[in-house]
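A short write-up of the structure that comes next.
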C-alpha cells in the first residue's frame, strides 16, 4: 500500500510538473524536436525501456519492454482466524505502440496530449498465491494444527497478447534533451484462467475453483499509470 | 491534416470520452473481490479408520438410551467417536469409532483397545478390538446384550435367595440350577457347602441376612453364541493358557455360564470354601472342529473370564461325565465367581491373519453389503459372524477370528448365499480371493448425493454410516446401506421405483427419513437453511443444519 501511494504521489507531482512546463514553453520549436527518443518507463505494469521514433511531430512509433516482479504477503482473517497469504505476481511484456498528438495546434495543456494505441506480448502474465491457515481446525474434540491443515494454491494466468489504449502528456518540442512524460492507459488482457488446489485438509477446495474463475473474470484490464523519463538521441 | 478537422469543442469531448473510457476501465476492473463467495472448505473426512458395533437386545427389545460406552486398553487414547468427540455415543445401540488422524495404525503398529459397554440391567460387555494398517474397516460387529434377570431364546436364568447365619455363613448346603428351557435345554447347577462365607473383591467378609445367587446359562449350541460370547468373538486376544502364558486363543465352547452372587447388595468374588459347579455340555458339541461328537470321558477345559479386564484364564481340565439327569456335564469346583466356559481352547499364538480380497467387477464404483459366516467344515457350528460388511470391488477384509482348524465360509446378501468355500488352513496367513458372481437379475446402480449449504457456503459432509429398511418393516430391520463419503454413496442395494426408510447416526443424533422413494438412479439433492429442507420435518432438519454449520 505504501509503495502504491508513493508511486501515485510521484505521478501526480510529475503531472503537475509537466503542466507547469507546458505553461512556460508554449511555443512550437521544431528545431528542438528529436526524432528518436530513449525512454525509461516506471509504471504500474513495471519498469522498462522504450525506443521511440517520431517521423512527424504528430505521429510516433514506440517499441520496448517492461517487467513487474512482485512478491509479498499479508495476514488476513478467515473464519476469524489469522491466515497467511503469500503472493507472487509476474508481468513481463514487449510492446509496440503508436502515439498520436492530435492537438499540437493548441496552446494550452491539451497540445501535449498524446493518444496511444498498440499491443503487448506478455511472456509473463500470471499470479500465484499460497494461503496458509494459521488457526486450529476442530473436528469434535480432535484438534488439527495449522501445520497439518495443508495449503491452498491459487494460480491466475492471463492471455499473452493484449491490446493497449491510453493517453498521456508529452512535450513534442522539448527545450532540453531530457524531459518527462506521463501516460495513463490500460491493456486488455481478457478473462484469465484461474486454478485453485488444496492439500491435506484443504483438498476439497478444488470445488471453489469455478467461483474463483468467475471472480477473476472481472480482472480483464491491466491499468497503466506510467512516467516516462525521455532522453532525446 | 486530420487533426485540423478537430475544433476546440470536439477536442474537449474527445479528451473527456477517452478519459471516461480509461476511468471506467480502472474503476470497474477488479471491482469483484477475488475471494467473493470462495469459502475455505476443510475436509470433513478427518477420520479414515473406523470400526462399528451394533448392540442389540437378546429378546429383540429396544435398548435404553443410557448406554455407557468407554474405551480402555493400550491405544484407547487414539480412539474417538466417529463424530470426533472423546465421548462415545451409542444411539439405538450403534457405536461408530474412529482413529485420531495423527495416530493411525502403521505396518509395525496395530491399534488395540477394549470397548466397555454398560447398560443398567444388562450384562456388562468388554469387547477387544484391533485396527490394522489399511484396514479401513467397514465391518459392523454385532453384540447381543443379555439382561441379567430375564431369560432369552439363548439364555436361561435363575435367581435365588438363601438365608445366611451368624457371621454371614450358609447354614445348609445351598443348591440351585438354571432351568431347562426350550431354548436352553442344558442346565448349570451350583452347590454351596454349609458354613461357607463370602468376600468381596477387596477380600472383605460380607455379612447380611441373605445371599442372592444368580446364574445365566447360555446355549453353547446356538449360532447366536458368537455375539453373546465375552468380547463378541470366539477368538480372544487376552487368554492365560494352561502353560500360564498369555496369548491369543480360539474358544470352542461346549458350555457357558455366568454366576454372580450378592450379600447385602455387594458383589461376591470369593468363598471360604470352594463351591461346586456342574455345567451340562451342548450335545451337538464336536471335538477339534471335526465331526466327532463329545462323549463321556472326553477331557474339556474350564476357563474363567473377568469382564473388567477382558481376560480369560485357564482353571482346570475335567473329563465329561453323565450327570444325574443323564446328560453330559463338566463338574468342577471354584473359589471365585465369574463367567465360566467349558470346551476346547486352541492357541493362536503362531497364527497369521488370512486376508480375503473380494472380486466383484459388476459393482463398478458402487458398494454392496454382505454378511460373512464362518462355520465348521460340516456346517453345523457357527464360529464367527460378520453381520454387515461393506464391499467394493477389490475390498480386502482381514479374517481375524478364525480358529486354527479348517473351516467353511458363506457370504450372503440378505438371506441369499452368493459365495461359499473352505479355508483349509486358516492359520497360515495365505491370502484368499472370493469372487462374488454377477447377480442373477440386474441390479440398479443408485447414487445418493447430498449437498449441504451453510450460510458460509457449501460444506463437505463428514462420513457417516447410512442404514435402510423396507417401508413398513419394524425398526429392527434397519441394515447397513454403506458409508456416505463426501456426501455421496453409490450402492447396488436400492431398487429404482421402490421406497425405503433411511436412518443415519452422527454422534448422539439420529436422523430418520421415512418412505423415501428412489425415483431415479441419480438421487442428488441440496439442502440448505434457505433451500430445500425436506418435506417431513423441515424445522428439525433446519435445527440440525444450523448446528452442523456452527462447526465450520
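The values are calculated or read from the model by the stated rules, or taken from the named source; none is laboratory data. What you see is a predicted model, and the numbers here were worked out from it, not measured in a lab. Here Cβ is always computed from backbone atoms with ideal geometry, including for glycine, and neighbour counts include all displayed protein chains.
Laid out as a table, the results:
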item: Some residue of segment B:431-441 being in a strand (DSSP E or B), at pLDDT 70 or above and closer than 21 Å to residue B:507 by Cα; result: no
item: Residue, nearest to the other protein chains (Cβ to nearest Cβ), within segment B:66-88, restricted to residues that are under 17 Å from the mean Cα position of the chain (by Cα) and more than 21 Å from residue B:308 (Cα to Cα); result: B:83
item: Residue list for segment A:162-178, restricted to those being more than 14 Å from chain B (Cβ to nearest Cβ), in contact with a strand residue (DSSP E or B) (Cβ under 6 Å, 6 or more places away or on another chain) and surrounded by fewer than 22 Cβ atoms within 10 Å (Cβ to Cβ); result: A:171, A:177, A:178
item: Unique residue being without any contact (Cβ under 8 Å) to a residue 40 or more places away in the chain and either surrounded by 21 or more Cβ atoms within 10 Å (Cβ to Cβ) or farther than 21 Å from residue A:44 by Cβ (or both) when the list is A:206, A:199; result: A:206
item: Residue B:24 being within 12 Å of another protein chain (Cβ to nearest Cβ) and either modelled with pLDDT of 90 or more or more than 30 Å from residue B:183 (Cβ to Cβ) (or both); result: yes
item: Residue within segment A:131-143 that is under 29 Å from the mean Cα position of the chain (by Cα) and assigned to a strand (DSSP E or B) present; result: yes
item: Residue satisfying condition, being more than 13 Å from every other protein chain (Cβ to nearest Cβ) and within 30 Å of residue A:224 (Cα to Cα), within set A:155, A:159; result: A:159
item: Any hit, segment A:107-129, residues being assigned to a loop (DSSP other than H, G, I, E, B), over 25 Å from residue A:71 (Cα atoms), within 9 Å of chain B (Cβ to nearest Cβ) and touching a residue at least 40 places away in the same chain (Cβ under 8 Å); result: no
item: Residue within segment A:198-212 that is within 12 Å of another protein chain (Cβ to nearest Cβ) and in a strand (DSSP E or B) present; result: yes
item: Hey, residue B:318 at pLDDT below 95 and within 30 Å of residue B:170 (Cβ to Cβ) or not; result: no
item: Tally of residues being in contact (Cβ under 8 Å) with a residue 60 or more places away in the chain and crowded, with 21+ Cβ neighbours inside 10 Å across segment B:277-319; result: 12
item: Segment B:206-233: number of residues that are in a loop (DSSP other than H, G, I, E, B) and touching a helix residue (DSSP H, G or I) at 6+ places or on another chain (Cβ under 6 Å); result: 1
item: Qualifying residue in segment A:181-197 (condition: over 15 Å from the mean Cα position of the chain (by Cα), within 8 Å of another protein chain (Cβ to nearest Cβ), at pLDDT below 90 and at positive phi); result: no
item: Residue in segment B:471-487 that is modelled with pLDDT of 90 or more, more than 22 Å from residue B:48 (Cα to Cα) and either within 25 Å of the chain's Cα centre (by Cα) or not assigned by TED's automatic domain parsing to the domain that holds residue B:87 (or both) present; result: yes
item: Residues located in segment B:101-119, provided they are modelled with pLDDT of 95 or more and loosely packed, with under 14 Cβ neighbours inside 10 Å; result: none
item: Verdict on residue B:211 being modelled with pLDDT under 95, crowded, with 22+ Cβ neighbours inside 10 Å, under 27 Å from residue B:53 (Cβ atoms) and in the same structural domain as residue B:163 (by TED's automatic domain parsing); result: no
item: Checking residue B:325 against (1) at pLDDT below 95; (2) outside any loop (DSSP other than H, G, I, E, B), the condition it does not meet; result: (2)
item: Which listed residue is at the interface with chain B (Cβ under 7 Å from one of its Cβ atoms) and surrounded by 15 or more Cβ atoms within 10 Å (Cβ to Cβ), from A:142, A:225; result: A:142
